[in-house]
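Contents: one structure, followed by commentary.
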Amino acid sequence: MNSEIPALAYNINFEAASFFFISILYFYLRKKYYNSSPINNTFRRLVFFQMTAIFFDVAASVTISFMNVVPLWINMTLNTLYFASSSLYYYTLHLFFLSFGVKKKVGVPLLFFSRVVLVCFATLLVANIPTGIFFAFQNGTYVHGKFYSLCVIIPVIFLVECSGTFLIIKERVSSQIFAVLLAMLALSVGGPALQYYYFPNVLLTNFFSLISLNLCLFALVSPDYSELTKKRAELDELQKHLEAKAEIESEKIHKRDKQKEMLSGQIIEALAATIDAADLNRSGHSQNVAEYSRKIAYMMSLPKSEVQKIYYSAVLHDIGIIGVSEDVTGKQGKFTQEEFEELKRHSEIGERILSKITEMPEIAANVRSHHERFDGKGYPDGLAGKDIPLCARIIAVADAFDAMTHERSYKNAMTAEAAKKELLAKAGSQFDPNVVAAAVEVL
């Protein structure tokens, strides 16, 4: 044990000095290479865990020198944290190799295995404090527990993974980066092995410091890496600029679409009001049918975009009236058979008018079919059942409900309840039963 005291003193002095130097490099790197590339992020974590491991090792060595005043549990805790941070360092070293673009190729299972190993080791480290399964102090002397070899095996597992990853990435990196990564791997494997062989009771940190210094200097002086980080920083800035510009343009387009939609709606509603104003029997009819149709569509859980089309179709469902003789549309009282046949033409006329709206061709088809019957006895095409567009089936129910609940020159108005009973009575014959069921719930 006495032969190891100089080695221990050397180890601690070296660590204390390197900790100060690495700290300066670490914060310099964070300022110089601030962009969030996978390589940069993993590198920062790698150096951070190295700094953490050195700190806890130095702290543990200082406290062991003052065992008469420092409680033993503090030293045990510091040693435990040292082993944990050292393992995290080796785990992050593997992630650093993966960050050179082979994460997808290596795959999730290997990373999952590494994380499981890390969690299990951390759990055992916590268990070491009361049990001493890894290390303990007996009569003031540091001794190994029966599972101490795991403290070496766990880093070795990560080093084996690093070696395998290195073989995959060697074709993807420049010769300069390849040489530096090879040196890192050699130091990581050879350094701790030599130290463990010659000084088995000295914690394995001598070569950690060398590796970290090597990494820091590599990041600072490598033209390849400096250029890479510079380009990635420029790309990040460009991406942020493009995203901000795209967001502004998207907002403008959204605003224009809303204005266009609002204008289209106002034009359609104004046109419907003009049609209704020409017929005393129809005051507010088109708008009423549109509102009823929208309620029914929502009750049937139709998509919002579909509901909007149904609303527009319902507002314009009687636009073909403008092509019917004023003698017919303005007549007070019941129609003759001949007048009724002329009135029936309004659905076909409406389709011809609305066929010019190429953005929503469904509107024309819906207007043509809003007088079809579920049993096939409607007009103009005698469609039946689900051959009739759903929108037209909804408008048919809304149209009938409004007609029944409003007074006409040739009939009195029904109550809403009476109108609903009439709809139910004709469900399956004149109207779609599913539409009627929704209508009686919301009208």
Glu161 accessible area, assembled protein chains, probe 1.4 Å, Å²: 20 Å²
Of Lys334/Lys420; Lys344/Lys386; Lys295/Lys420; Lys344/Lys426; Lys309/Lys356; Lys386/Lys426, which ones are farther than 18 Å apart at the Cα? Lys334/Lys420; Lys344/Lys386; Lys344/Lys426
In Å², rounded to a whole number, the accessible area per residue of segment 350-443 with probe 1.4 Å is 49 Å²
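The values are calculated or read from the model by the stated rules, or taken from the named source; none is laboratory data. Because the structure is a prediction, the values reported are computed rather than measured. Surface accessibility is based on the protein's heavy atoms, side chains included, excluding ligands, DNA and RNA. Shrake-Rupley method; radii C 1.70, N 1.55, O 1.52, S 1.80 Å.
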